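The values are calculated or read from the model by the stated rules, or taken from the named source; none is laboratory data. On a predicted model such as this, the values are computed, not experimentally measured, just so you know. No Cβ is skipped: glycine too gets one built from the backbone with ideal geometry, and neighbour counts run over all protein chains shown. Accessible surface is based on the protein model in full, side chains and every heavy atom, while ligands, DNA and RNA are left aside. Shrake-Rupley method; radii C 1.70, N 1.55, O 1.52, S 1.80 Å.
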Amino acid sequence: MPKLPAPPLPKSLQPRPKRPGENGNGAVRPVEAAQEAGITVVDWIDERTSLSGGIRWLLFRKVPKGINWFYTLGSATMFAFLNQAVTGVFLAMFYRPDAAGGAYESVRYITDDAFLGQLVRAMHKWGASVMIILIFLHMARVFFFGAYKYPRELTWIIGVVLLILTLAMGFTGYLLPFDQRSYWATIVGVNINGTGPFIGPYLSDFLRAGPEFGATTLSRFYAIHMMLIPGLIAALIGAHLYLITKLGISAPPWIKAQEDPGLRESQV
Amino acid sequence: MPGTFDGETVTRRRFMTAVTHSAGGVAAMAFTLPALGFAIGPLFSREPFDWQPIGPTSDFTEQTYVTRVLTIVQGIGEAGNSIAYVRKRDPAIDTEPEDQYNHFVALSSRCMHLGCPVRFVSAAQRFICPCHGGVYDFRGMVAGGPPVRPLDRFYTRVTSAGMVELGPRYSVNSELHRFSPRDPGQPLDGVGQYLYPKRFDTSILPQS
């Protein structure tokens, strides 16, 4: 296996060569020992996992000329997802999926009484809209830059599945505050599902867990919202990132390919 | 290459591979199938229903609707309630054939566009939906807007003590033929009843 080149660290971060006499008598000073400690730990892990190669493969890769701020929209979407995941976990510590009134009361408690609850809930609520906006902007960038073309079709397909899953997150999460707006919006949404011919009626029965909006509909939406879909999204983001790293990112369409004179047929 | 022994048609390696894959498949099915059945089970369990008394026959007239709250799902408070608009059958306008279940007309407040609650506006003699502008006339037939069929109805019956009772909900097409209850947004005229088949879990009227 070829040795990977050293990561191109900026000057300020590169280790300073030792000056003569700095460590004259060969004794290790405490500062040096402390500096060594971190390196030793990382070395210990790396010797057993070889993770550094993977990290270098993921982070220190070549990118084409001409990339710009539009190329950050995918990462931005991922960070919006991470924001949703983190705030969602902490909201779940207070939320109670009880259709008889406990759900609304627990959301009221989060908003009005819990320390920083209003902030965390607002981050989750507004972050959801931000994620939807960013994912569409990211898709528009990929579409208009032609970045979905060979060999990146599978990356695009996974991205479309991620888009659908994100919209499903929006649909299932909308019910959870369990106020009038979320209740009736979910009734309408489930009935829109039901208008699909042949399977529609059974699909809405599945979503409601029965013919009517019942006692387990809310907990069903909650389980889909916080376990089923997030797991799928996380796994598919992993596949998406693998393909991006494996295939490299595409140059903007206005960058012309540079001809290599060495490859040109010699003139006779 | 055949197996190690004479007459062996499958090598030991292939046999072991097949056994390992089968064992893995059985183990995966052992938790996937019950979990899946658990999730889709409610599609197949029929909802029970009770006849709910809503008042003596003297409460209801032919001229206007009386509002009654009924419980569709037990144990979840207000979210399990729905509203029925009830009046006495008026032979002058109710042209559908009379039987023991429609001496009193009970309309569901569920809009047949997408399920919002309609309300009866007595000045207009119309049912109006707040969400997308569906309008129904006094009999619950579509008078305008996006609804795809008339308002659903409830079976009603009169007990020997003179109490009106509500039974399960049923759906009607534009000629007021009865169908097993469908969700809003699913038309029942023409091919509609075949595009949107009846489900396994809706309560039906017991044979009596």
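Just a few scattered comments:
- Here A:Trp156 meets each of (1) within 14 Å of chain B (Cβ to nearest Cβ); (2) open to solvent by 30 Å² or more (accessible area, probe 1.4 Å) with one exception, condition (1).
- Verdict on A:Leu228 being in contact (Cβ under 8 Å) with a residue 60 or more places away in the chain and either β-branched (Val, Ile, Thr) or within 23 Å of B:Gly37 (Cα to Cα) (or both): no
- Of the criteria (1) within 14 Å of another protein chain (Cβ to nearest Cβ); (2) over 14 Å from B:Tyr101 (Cα atoms), which one B:Arg169 fails: (2)
- Count of the range A:242-267 residues which are open to solvent by 70 Å² or more (accessible area, probe 1.4 Å) and at pLDDT 90 or above: 4
- For the range A:160-194, the set of residues classified as in a helix (DSSP H, G or I) and of a type in the set (D, E, K, R) consists of A:Arg181 only.
- The single residue among A:Ala122, A:Ala140 that is closer than 30 Å to B:Ile76 by Cβ, open to solvent by less than 60 Å² (accessible area, probe 1.4 Å) and free of Cβ contacts under 8 Å to residues at least 12 places away in the same chain turns out to be A:Ala122.
- Scanning the range B:36-75 for residues that are more than 14 Å from chain A (Cβ to nearest Cβ), open to solvent by less than 50 Å² (accessible area, probe 1.4 Å) and of a type in the set (A, V, I, L, M) yields a count of 2.
- If you go through the range A:191-209 and pick out every residue that is open to solvent by 10 Å² or more (accessible area, probe 1.4 Å) and within 10 Å of B:Leu195 (Cα to Cα), you end up with 5.
- Some residue of the range B:176-193 being away from chain A (no Cβ under 11 Å), touching a helix residue (DSSP H, G or I) at 6+ places or on another chain (Cβ under 8 Å), modelled with pLDDT under 95 and open to solvent by 30 Å² or more (accessible area, probe 1.4 Å): yes
- Here B:Arg87 meets the list (1) within 11 Å of chain A (Cβ to nearest Cβ); (2) open to solvent by less than 60 Å² (accessible area, probe 1.4 Å); (3) not in a loop (DSSP other than H, G, I, E, B); (4) not aromatic (Phe, Trp, Tyr) almost entirely, failing just condition (1).
- Which numbered condition B:Arg149 fails, given (1) more than 22 Å from B:Phe200 (Cβ to Cβ); (2) within 14 Å of chain A (Cβ to nearest Cβ); (3) assigned to a loop (DSSP other than H, G, I, E, B): (1)
- Taking the range A:215-230 as the range and being open to solvent by 40 Å² or more (accessible area, probe 1.4 Å) and away from every other protein chain (no Cβ under 14 Å) as the test, only A:Met226 passes.
- Checking B:Leu205, B:Leu166 one by one, the residue that is open to solvent by less than 40 Å² (accessible area, probe 1.4 Å), touching a residue at least 40 places away in the same chain (Cβ under 8 Å), under 26 Å from B:Lys88 (Cβ atoms) and not assigned by TED's automatic domain parsing to the domain that holds B:Ile72 is B:Leu205 and no other.
- For the range A:174-184, a residue qualifies if it is more than 19 Å from A:Leu228 (Cα to Cα), more than 7 Å from chain B (Cβ to nearest Cβ) and open to solvent by 40 Å² or more (accessible area, probe 1.4 Å), and the qualifying residues are A:Asp179, A:Gln180, A:Arg181.
- Of all residues making up the range B:107-152, the number that are of a type in the set (D, E, K, R) and surrounded by fewer than 18 Cβ atoms within 10 Å (Cβ to Cβ): 3
- For the range A:110-134, a residue qualifies if it is of a type outside the set (A, V, I, L, M) and within 23 Å of A:Gly159 (Cα to Cα), and the qualifying residues are A:His124, A:Lys125, A:Trp126, A:Gly127, A:Ser129.
- The number of residues in the range A:101-119 that are surrounded by fewer than 19 Cβ atoms within 10 Å (Cβ to Cβ) and on the phi < 0 side of the Ramachandran plot comes to 12.
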